[in-house]
Every structure is written in structure tokens, then in C-alpha cells.
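Here's the structure, in C-alpha cells; my notes come after.
The values are calculated or read from the model by the stated rules, or taken from the named source; none is laboratory data. In this text, all values refer to a predicted model and were calculated from it rather than measured experimentally. Ideal geometry is used to build each Cβ from the backbone, glycine not excepted, and the neighbour counts take in all protein chains shown.
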Amino acid sequence: MNTTPVPQRVAEGAFEDMLSADQFKAAFRNHPAGVAVVTADPGDGPVGLTATSVISVSANPPLLVFSLSAFSSAAPALARSETVVVHLLGAENVGLAKTFATSGIDRFADTESWSRLVTGEPVLAGASTWLRGRIVNRMEAGDSTVIAVQVLQAQIADAEETPDPLVYHNRTWHSLGEQSELAQPTRS
């Protein structure tokens, strides 16, 4: 078991010692996350990226956040965008996840796999659940930007048609299904 001493706080929020980036990444490799694709068009063409950092924050008002790496090729365009569409991916969408995680390609080359909402944002045809929202806050956090989105519109898969979710764990795509269920939540 690799244990690292807790850093000692010093002036103005800095730390004397910090966990290395490689150690931090190794820790989170073993923490599975749902997979989403975030798309936008700031006015000069569609952009998109695969994200495993999407989380719900509030139901009233409906808010979600995701983290945008400064190293992402989509970062400059997303920094200019006012709205985004967050596509929550099912296992059958692993191809979309791979496409939007691949750098150096035209992620929108397959014009039959996406269209535009009446509001102009690119939406992926294969995703059964998506949420369109307005960016309401951006917070710089290290080499990333945390983006808060107020959800304005959604397409949600029917309960009977909800696909098994796509999950990313230890650099590998996985599907969660009935075979992975361990327990039902207790109700209070």
C-alpha cells in the first residue's frame, strides 16, 4: 500500500509537499466514472470531448458541472461557448466515447451521427439521454476549468429503454448491467 504523508499547509493555500500528477492519476484510475460527451458551437463550428467528470450538483435549479482540461483541443472553443449539450452515454455508445476522446481527428466528420438543435448546439443521434444547458460559472482549478451548467432542456431515455451505462475504469471502457448490481439502496 502506497501511503503519502499529508501535506502541511503553508501561506496562502499553497502546500509544502504535493502528490505528484502521476500518483494522483493512479489513484483515480481505480475510481470508475460515468462517461459523457460534451458538445458546443461557439459560432465557428462544432466541438466536443469525452468527459468522465460530469456530476449533478443541484436539482433545484438543475445544475451539473464538468472539468475541462486546459490541454483539450476543445478547451478554447468551450471557453467561448455560452451553451453546451452533455450526452450521458450508454454502453452501446462506446464508439462515440472513443471518437470524442481521440485527438487530431474531425469528431464531426460523420454528418449522419449528429444534427443541430433548433438553438444551434450539436446533438449526437446515438445518445438516448442528453441535457442542454447554459454555462453559468467557470472556475479555474489547477490546469483545468470547472464549468457549471444550468440545465434548460433534456431528452431522457424511457425507463424501459434505458441502456446499460458506459463507465471508464483503469483506462478501460466498461458496461454496468444487472450482473454488476450488489445491493439496493435503503430507503428512509
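Worth pointing out:
- Looking only at segment 59-76, residues that are free of Cβ contacts under 8 Å to residues at least 60 places away in the same chain and either more than 24 Å from Gly90 (Cβ to Cβ) or aliphatic (A, V, I, L, M) (or both) come to 5 in all.
- Qualifying residue in segment 122-136 (condition: at positive phi and either at pLDDT below 90 or surrounded by fewer than 16 Cβ atoms within 10 Å (Cβ to Cβ) (or both)): no
- Selection from segment 36-76 of residues that are of a type in the set (Val, Ile, Thr) and part of a loop (DSSP other than H, G, I, E, B): Thr52, Val54
- Candidates in segment 91-111 are the residues that are surrounded by 22 or more Cβ atoms within 10 Å (Cβ to Cβ) and not aliphatic (A, V, I, L, M); of these, the one that is nearest to Ala154 (Cα to Cα) is Asn93.
- Looking across segment 142-188 at every residue that is in contact with an Asp or Glu (Cβ under 6 Å, 6 or more places away or on another chain) and farther than 26 Å from Ser58 by Cβ, the one that is surrounded by the fewest Cβ atoms within 10 Å (Cβ to Cβ) is identified as Gly177.
- Answer from Ala26, Ala70 - the residue that is farther than 20 Å from Asn170 by Cα, hydrophobic (A, V, I, L, M, F, W, C) and modelled with pLDDT under 95: Ala70
- When the strands (runs of 3 or more DSSP E) confined to segment 111-157 are screened for residues that are touching a Leu at 6+ places or on another chain (Cβ under 8 Å), those reaching at least 2 such residues are found at 122-124, 129-141, 144-155.
- Yes/no for Leu166 being in contact (Cβ under 8 Å) with a residue 60 or more places away in the chain and either within 26 Å of Asp44 (Cβ to Cβ) or out of contact with any His (no Cβ under 9 Å at 6 or more places or on another chain) (or both): no
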